[in-house]
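The values are calculated or read from the model by the stated rules, or taken from the named source; none is laboratory data. Since we're looking at a predicted model, the values are computed, not measured. Cβ atoms come from the backbone with ideal geometry, glycine included; neighbour counts cover every protein chain shown. These accessible areas exclude ligands, DNA and RNA; they are computed on the full protein's heavy atoms, side chains included. Shrake-Rupley method; radii C 1.70, N 1.55, O 1.52, S 1.80 Å.
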Amino acid sequence: MRLVACDDPIIVAVLREQIERRQTPRHSHERGQLLGSLHGVISVGTDQGHWVVPPVNAIWLPPRLEHWLTSDGAFRGWSVYVARPSCEALPRSARVIGHSGLLHEAVLRAAAWTEGPLSPAQSHLASVILDEIASTPEEPLGLPMPADPRLQRIARALADAPSEQRRMEEWAAWAGLAPRTLSRRFVLETGLTFSAWRRRCLLLRSVEMLIAGESVTAVAIDLGYETVSSFIELFRRQFGTTPGRYLKRSSG
């Protein structure tokens with residue numbers, strides 16, 4: 001990827017570690033941010049969606065995108081801040097990508113740089129990081145949020161308690177709209193049916209629970225799946241692998 005000249009460094013990489021739960025209120029950056037997890041699960045929210053970022057993954061946030069985040073306990077990870085001119089060729093919306101070995105090593109090396117102009121070797125490494133952001137496929141760890149305030153109220157309540165068993169008609173009454181309106185507008189605003197959105201919300205919560213140490217059986221029961229096998233099958237359809245294999249990959 002071509003680096004765009006600017007007065008500030010093209011990229012700034014930092015490592016971050018804290019033993020307590022991390023919670024950052026709504027904010028934004030003038031630079032684009034690639035935030036990666038090495039230990040601990042991060043939940044990142046914007047007005048447009050919600051993302052779960054387990055270890056071996058990273059989330060790309062374009063410049064000036066307001067967001068907030070929390071971690072389930074201790075967190076260890078890194079951030080790469082990309083100068084706005086060099087974000088022009090990068091994704092225009094938030095997305096979770098895989099945290100490849102190449103990206104991992106490049107970020108760790110960049111985090112050790114001292115302040116000042118980049119050397120030719122450093123510029124090359126910065127280019128590698130930008131190429132990884134641009135070319136790494138998006139992973140299915142996002143949950144689009146509706147814009148309608150009534151639908152947002154339902155979506156945020158479900159995100160806080162995804163195993164809630166209320167039927168769609170009950171949610172519609174709770175939010176003060178007709179069931180048909182809820183069904184139609186959910187598809188228009190999120191690209192997912194209400195039931196598909198709920199399934200994805202449950203599966204994203206299952207990722208958080210699995211990485212936190214819960215067993216597959218406990219997760220399936222706690223989230224209200226009829227059987228453990230039905231949970232495993234739905235998980236495999238969403239993520240392309242079983243919960244056990246996914247957990248092994250995320251734990252390194």
Query raised in the report: Could you give the length gained on full extension between Asp47 and Glu233, defined as 0.36 nm per residue of separation minus the Cα-Cα distance, in nm?
Result: 63.9 nm
Report task. With all protein chains present, calculate the accessible area of Asp72 using a 1.4 Å probe and round the result to the nearest 10 Å². Result -> 80
Query - Spin-label pair Glu115/Gln23, simplified geometry with 7 Å Cα→Cβ offset, distance in nm - result: 3.3
Query raised in the report: In Å², what does the accessible area per residue of the stretch 6-117 work out to with a 1.4 Å probe?
Result: 46
Requested in this report: Using 0.36 nm per residue of separation minus the Cα-Cα distance, give me the extension gain between Gln165 and Ala218 in nm, one decimal.
Outcome: 17.3 nm
Query raised in the report: Mean separation of Cα pairs under 8 Å and 6+ residues apart, divided by the residue count of the stretch 141-252: what relative contact order is that in percent?
Result: 22
**Report entry** Summed residue charge, Cβ within 11 Å of Pro55's Cβ, Lys/Arg positive, Asp/Glu negative
**Finding:** +2
**Report entry** Accessible-area ranking of Tyr246, Tyr225, largest first, probe 1.4 Å
**Finding:** Tyr225, Tyr246
Report summary line: Karplus-derived 3J(HN,Hα) from phi for the stretch 57-71 (6.51 cos²θ - 1.76 cosθ + 1.60, θ = phi - 60°), whole Hz, x at Gly and Pro, runs 10, 8, 10, 9, 10, x, x, 6, 7, 5, 8, 9, 8, 9, 10
Query raised in the report: Taking the Cβ of Leu125 as the center, what net charge do the other residues with Cβ under 12 Å away carry, scoring Lys and Arg +1 and Asp and Glu -1?
Result: -2
Requested in this report: Report the charge-dipole magnitude of the stretch 109-189 in Debye, nearest 20, computed about the Cα centre from +1 at each Lys and Arg Cβ and -1 at each Asp and Glu Cβ.
Outcome: 500
Query raised in the report: With a sphere of radius 13 Å drawn around the Cβ of Leu182, what net charge do the other residues whose Cβ falls strictly inside it have (Lys, Arg +1; Asp, Glu -1)?
Result: +4
Report task. State, to one decimal in nm, how far the label point of Arg245 lies from the label point of His39, with both points 7 Å from Cα in the Cβ direction. Result -> 2.8
Query - Length-normalised contact order for the chain - Cα pairs under 8 Å, 6+ apart - percent - result: 19
Report summary line: With all protein chains in place and a 1.4 Å probe, Trp113 shows an accessible area in Å² (nearest 10) of 60
